[in-house]
Amino acid sequence: MTDYPLSANIYTDHSNMDISDIEVSHQLSFSHIKAAAHFAKLSYKKEDEYDDSQPSSDLRDEHRSYVIGSIITAVCYLEATINELFTNVEYISRSNEWSPDVTQKMNEEWDKERSLQLIIKYERALCIVKSESFDKGAEPYQSAASLIFLRNALIHYKPEWIGTGESYNKTLNEKLRQKLEKKIKKLNPMTQEGSLFFPHRCLGYGCAKWAVESSLNFSNEFFSKIGLPSNLDQDYQLSLNLPEI
């Protein structure tokens, strides 16, 4: 049976220590990253089963669904992780001796949460806790930002007409190619030569693997910078290891 992580706050009447109120919070980040790795492994199996002499639309559809599922849940992990940090800030600040000023600023940022983009939440938290910033031109920030861009392209998908000439460089297909082509070790082997980069060539196991690893690398870097252990222990992270390409 799996143990799911919970947070609990217990309120007491200090005169007699009777429990007056209990609050319980479930942390879903673990489930998201586990799902992302699971979907990635399933996409790997589909590519392994693929025989280009006997193409199957059902196989391709299953494969794409797993890759998309992996990308989306990898970003869900990033979002849940930073949200869990903000909502547990009172407990974390006591355990790590954060100053009252840090706690207050973190709570103020959380009040603005709905207006903040995902990666901005990480930037604000790092700035408040350690007065530092990410190197936006380096890894793992670059891959995390590209992953979120890809997730947004999938969730808010808008078909586009793609032609030649100067307008081509402004297409989503070309923007994603420039962001991802060198990051993904292996493109989708179930596509034909000349297929568009997005969604066809990029949505393969190589992309799913990159998505899972990029989300883990970024969250690990973040926790290291703010001086906290990762929300995933080493054994849990090892359980997420994916087949090599």
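What to note about this one:
- Being part of a helix (DSSP H, G or I), modelled with pLDDT of 95 or more and either over 30 Å from residue 44 (Cβ atoms) or not hydrophobic (A, V, I, L, M, F, W, C) (or both) is a property that does not hold for residue 114.
- Per-region count, segment 121-150, residues surrounded by 13 or more Cβ atoms within 10 Å (Cβ to Cβ) and part of a helix (DSSP H, G or I): 19
- Residue in segment 152-171 that is nearest to residue 78 (Cα to Cα), counting only those that are in a helix (DSSP H, G or I) and either open to solvent by 40 Å² or more (accessible area, probe 1.4 Å) or touching a His at 6+ places or on another chain (Cβ under 8 Å) (or both): 152
- Any hit, segment 70-84, residues being hydroxyl-bearing (Ser, Thr, Tyr) and either open to solvent by 30 Å² or more (accessible area, probe 1.4 Å) or more than 23 Å from residue 199 (Cβ to Cβ) (or both): yes
- The single condition from (1) open to solvent by 80 Å² or more (accessible area, probe 1.4 Å); (2) without any contact (Cβ under 8 Å) to a residue 12 or more places away in the chain; (3) not in a helix (DSSP H, G or I) that residue 104 fails is (3).
- When segment 210-234 is filtered for residues that are open to solvent by 10 Å² or more (accessible area, probe 1.4 Å) and either farther than 30 Å from residue 93 by Cα or of a type in the set (Asp, Glu) (or both), the ones remaining, listed by number, are 210, 213, 221, 233.
- The residues of segment 205-245 that are in a helix (DSSP H, G or I) and in contact with a Gly (Cβ under 9 Å, 6 or more places away or on another chain) amount to a single one, 208.
- Some residue of segment 197-220 being β-branched (Val, Ile, Thr) and at pLDDT below 95: no
The values are calculated or read from the model by the stated rules, or taken from the named source; none is laboratory data. Computed from a predicted structure; not experimentally measured. Note that we place each Cβ from the backbone using ideal geometry, even for glycine, and neighbour counts take in every protein chain shown. Heavy atoms of the whole protein, side chains included, go into the accessibility calculation; ligands, DNA and RNA do not. Shrake-Rupley method; radii C 1.70, N 1.55, O 1.52, S 1.80 Å.
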